[in-house]
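Engineer: Dumping the structure here so I can ask a few things about it.
The values are calculated or read from the model by the stated rules, or taken from the named source; none is laboratory data. Treat the numbers as computed from the prediction; the structure is a model and nothing was measured. With ideal geometry, Cβ positions are generated from the backbone for all residues, glycine too; neighbour counts draw on all protein chains shown. For the accessible areas, the whole protein counts, side chains as well, though only heavy atoms, and no ligand, DNA or RNA atoms are used. Shrake-Rupley method; radii C 1.70, N 1.55, O 1.52, S 1.80 Å.
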Amino acid sequence: LTKYEGVFVAMNSCYDEFGEVNPSAAKKLTRFLLDKGVSGLYVGGSTGEGLIQSVEERKRMLEAVMEEARGQAVVIAHIGAANTRDSVELARHAERTGADALSSVAPFYYRVSDKAVKQHWNAMIDSTELPFIIYHIPSTTGFHLSASVLQEMKQNPKVIGVKITTSSTYELQQFKAVGGDRFVVFNGPDEQYLAGRMMGANAGIGGTYGVMPELFVALERQIRVGKLEEALSLQVRINEIITRMLELPIYGALKELIKRRGIDCGGVRAPLEQVTGEHERQLDELYNRIMQ
Ligand code: HMN
């Protein structure tokens, strides 16, 4: 197994009852995930609410994870922000804290040119010695990464991979073709982990892995030994769960399910939506399906 293969959990952030980052819960969640045998953690991404936290909070969250995970799992720090300056500060902090790699979405809110996007990413890349993983998620950033921009970015040997969150496994395969064998492609949508791996992804980064790490670790294992029918039936089982999760406010539901698994990471930060009492029955059903 090379360093960037298998299941990378897009980790939730943990808050206390006042909504402040809760390092001890974050360490517990880290321990829970590592004990399940995941390959690594992705901190501060979409699921991790990094984009709605202050720079200081993002640092605190990463520090807590590193304290627990150092030397035991690969940690990728998502440092994407709406402005380049914050991302550079987060990049330097991630390097000092011992993260293995950096990753960032494209600039969001303002629609900027390809040239500006490259400058944004290059500023982060140039600020440390760490490897860098592009995070392609056009549905939220509005920036669509083309094969030619990927090709240019890849000229820099520090750019080791791309995480692709679109439903096109054709696009995933095209990115793999641009990147070549040693370039790491991470599958984004958890619903198509198996499909992504078949089309060339080396690994996956996903938010729902965190509430059912056992199922994704088992799925990855079946893929690796070539038992594709078994892998498909696991993916189908996972998708029955995800489909039901998507009927709820997804990030709020993930936090509740983590609570049911024994770690209280608090709720989600506004404007993300909490689950409420009316969702109780659906959450119970989800929990039972996961634990079956
Ligand atoms: C992250 O940065 O949190 C994840 O890597 C993003 C990941 O691809 C998730 N996508 C979004 O949150 C938009 C998926 O895990 C997603 O939640 C899942 O496939 C359910 O649709």
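Engineer: GNM on the chain, C-alpha springs below 10 Å: top fluctuator among N202, N12, N239?
Structural biologist: Result for the chain, Cα springs under 10 Å: N239 fluctuates most.
Engineer: Additional query: What percent do you get for the relative contact order of the stretch 6-227 when only Cα pairs under 8 Å and 6+ apart count?
Structural biologist: Working: 413 pairs, mean separation 43.5, N = 222.
Over the stretch 6-227, the number comes to 20 percent.
Engineer: Rank M245, M11, M124 by mean-square fluctuation in a GNM of the chain with C-alpha springs under 10 angstrom and give only the top-ranked residue.
Structural biologist: M245
Engineer: If you take every residue apart from H136 with its C-beta less than 11 Å away from the C-beta of H136, what net charge results, scoring Lys and Arg +1 and Asp and Glu -1?
Structural biologist: Details: positive: K163; negative: E171.
Cβ neighbours under 11 Å give a net charge of 0.
Engineer: For the chain, just list the percent of Cα-Cα distances falling in each 5 Å bin from zero outward, please.
Structural biologist: Histogramming the chain at 5 Å steps yields 1, 6, 13, 17, 20, 18, 14, 8, 3, 1, 0 percent.
Engineer: Suppose we keep just the DSSP beta bridges with both residues in the chain; what percent of those would be antiparallel, to 5? Write down the numbers at each step before the final one.
Structural biologist: Numbers: 1 of 30 bridges.
Close to 5 percent.
Engineer: Next question. For the chain, which whole-number percentage of the solvent-accessible area (1.4 Å probe, protein heavy atoms only) is attributable to carbon and sulfur atoms?
Structural biologist: Numbers: 6200 of 12520 Å².
Ligands and nucleic acids excluded, carbon and sulfur give 50 percent.
Engineer: Given a 10 angstrom Cα cut-off, can you work out which residue in V211, V178, V225 is the most mobile in a GNM of the chain?
Structural biologist: Checking each option, the largest mean-square fluctuation is seen for V225.
Engineer: Using 27 Å as the Cα-Cα cut-off, could you pick out the over-long pairs in K176/K259; K227/K255; K3/K259; K28/K176; K27/K163; K3/K36?
Structural biologist: Working: K176/K259 37 Å; K227/K255 32 Å; K3/K259 30 Å; K28/K176 35 Å; K27/K163 25 Å; K3/K36 17 Å.
Listed pairs above 27 Å: K176/K259; K227/K255; K3/K259; K28/K176.
Engineer: Note down the relative contact order for the stretch 230-279 as a percent, whole number, built from C-alpha pairs under 8 angstrom at least six residues apart. Don't skip to the answer; put the middle values down first.
Structural biologist: Numbers: 31 pairs, mean separation 16.8, N = 50.
Relative contact order of the stretch 230-279: 34 percent.
Engineer: Which order do you get for R31, R182 if you rank them by accessible area with a 1.4 Å probe, largest at the top?
Structural biologist: On the way: R31 65, R182 220 Å².
Reading off the accessible areas and sorting them downward yields R182, R31.
Engineer: Which ³J(HN,Hα) values in Hz, rounded to whole numbers, follow from the phi angles of the stretch 243-250 under the Karplus curve 6.51 cos²θ - 1.76 cosθ + 1.60, where θ = phi - 60° and Gly and Pro get x?
Structural biologist: Working through the residues one at a time gives 4, 5, 5, 6, 7, 10, x, 4 Hz.
Engineer: Once the piece of chain linking H144 and R92 is laid out straight, how much longer is it, given 0.36 nm per residue of separation minus the C-alpha distance between them?
Structural biologist: Values: separation 52, 0.36 × 52 = 18.72 nm, distance 2.67 nm.
Taking H144 through R92 to full extension adds about 16.1 nm, to one decimal.
Engineer: In a shell of Cβ-Cβ distance under 10 Å around Y15, excluding Y15 itself, what net charge do Lys and Arg (+1) and Asp and Glu (-1) give? Please list the in-between numbers first.
Structural biologist: On the way: positive: K255, R269; negative: D16, E17, E20, E49, E57, D264.
Once all neighbours under 10 Å are counted, the net charge is -4.
Engineer: Measure out, as a whole number of angstrom, how far apart the alpha-carbon centroids of the stretch 137-155 and the stretch 215-245 sit.
Structural biologist: Cα centroid of the stretch 137-155 versus Cα centroid of the stretch 215-245: 29 Å apart.
Engineer: In the chain, which longest range has no chymotrypsin sites (Phe, Trp or Tyr not before Pro) that are both DSSP loop (not H, G, I, E or B) and surrounded by at most 16 other Cβ atoms within 10 Å?
Structural biologist: Values: sites that count: F18, F108, Y109, Y110.
After excluding every exposed loop site, the longest remaining stretch is 111-292.
Engineer: Express the accessible area of the chain per residue in Å², computed with a 1.4 Å probe while the remaining protein chains stay in the model.
Structural biologist: Numbers: 12520 Å² over 292 residues.
I get 43 Å² per residue for the chain.
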